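A short worksheet on the structure shown next.
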Amino acid sequence: MTDELRRKRATEGFFGRRHGKPLRPFQRATREDLLPRLRLDLTSPAPADPRTLFGVPVEGVRIEIGFGGGEHLLHEARRFPQMGFIGVEPFVNGMAKLLAAVKQDPLANLRLYDEDATQILDWLPPASLDGIDLFYPDPWPKKRHWKRRFVSDKNLDRFARVMKPGGRFRFASDIESYVNWTLLHCRRHEAFEWQASSAADWHTPYEAWPGTRYEAKAVREGRRAAYLTFIRL
């Protein structure tokens, strides 16, 4: 992918920061060593079966978009070694934190990408993902910035294309306006059905939910999270 195309695509699907504090020497060395080995190469055609992307046989593939520090992604990859996981995080410091953990405890069922998630979604073949997780994305709270939210009609079309029937799109946020935004967009999209049997489902964490540092911050600041699950029809 050329620099010009990358800049153009970045304006479509990614608006957040890419850099925080300077990486420590160990973090920088780990990133330079591990990321090239785990990073997906989108300059090559996507395999017809994405399960072949992993170093071990896997039964299916899930993706987590914007994994932050990687708490949930690492938890799930260790909990389900029979599944392949793709983690997407453009924020350099978040990627470095996850790679430091992987260096200490390697995972053969994990692949990574550090650019705009829409590039991965457009690269993967149709009906190839068993699940998509999007937890605590940037809420862009100002109304003039709502168009920057990752949940959009166009991205839900992307989700629908790459997800298998019966696959789950899971979304968590502590920002009420973004929760309502996501419900509105998903419920009007013909490919998704909200899975909720009672009002309590909104605030019930997912099974074996490890929490994230963003969630911990929300709790400290008095905000309550919502956990939504949508099934690909």
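The values are calculated or read from the model by the stated rules, or taken from the named source; none is laboratory data. A quick note: this is a predicted structure, and the numbers were derived from the prediction, not measured. Here the Cβ is made from the backbone with ideal geometry for all residues, glycine too, and neighbour counts use every protein chain on show. Each accessible area value is taken on the protein alone, full model and side chains, heavy atoms only, with ligands, DNA and RNA left out. Shrake-Rupley method; radii C 1.70, N 1.55, O 1.52, S 1.80 Å.
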Could you check the stretch 12-129 for helices (runs of 4 or more DSSP H) lying wholly inside it with 1 or more residues that are out of contact with any Gly (no Cβ under 6 Å at 6 or more places or on another chain) and under 26 Å from TYR227 (Cα atoms)? 71-79, 92-104, 117-123
With the requirement that a residue be within 15 Å of THR212 (Cα to Cα), crowded, with 19+ Cβ neighbours inside 10 Å and either in contact (Cβ under 8 Å) with a residue 60 or more places away in the chain or touching an Asp or Glu at 6+ places or on another chain (Cβ under 7 Å) (or both), what does the stretch 66-86 give you? GLY66, PHE67, GLY68, GLY69, GLU71, HIS72, LEU73
Does the stretch 166-182 contain any residue that is within 18 Å of the chain's Cα centre (by Cα), over 20 Å from PRO139 (Cβ atoms), surrounded by 13 or more Cβ atoms within 10 Å (Cβ to Cβ) and in contact (Cβ under 8 Å) with a residue 60 or more places away in the chain? yes
Inside the stretch 132-143, can you point out the residues that are touching a residue at least 60 places away in the same chain (Cβ under 8 Å), out of contact with any strand residue (DSSP E or B) (no Cβ under 9 Å at 6 or more places or on another chain) and not aromatic (Phe, Trp, Tyr)? ASP138
Going through the stretch 104-131 in order, the residues found to be open to solvent by 40 Å² or more (accessible area, probe 1.4 Å), closer than 18 Å to ALA160 by Cα and free of Cβ contacts under 8 Å to residues at least 60 places away in the same chain are ASP122, PRO126, ALA127
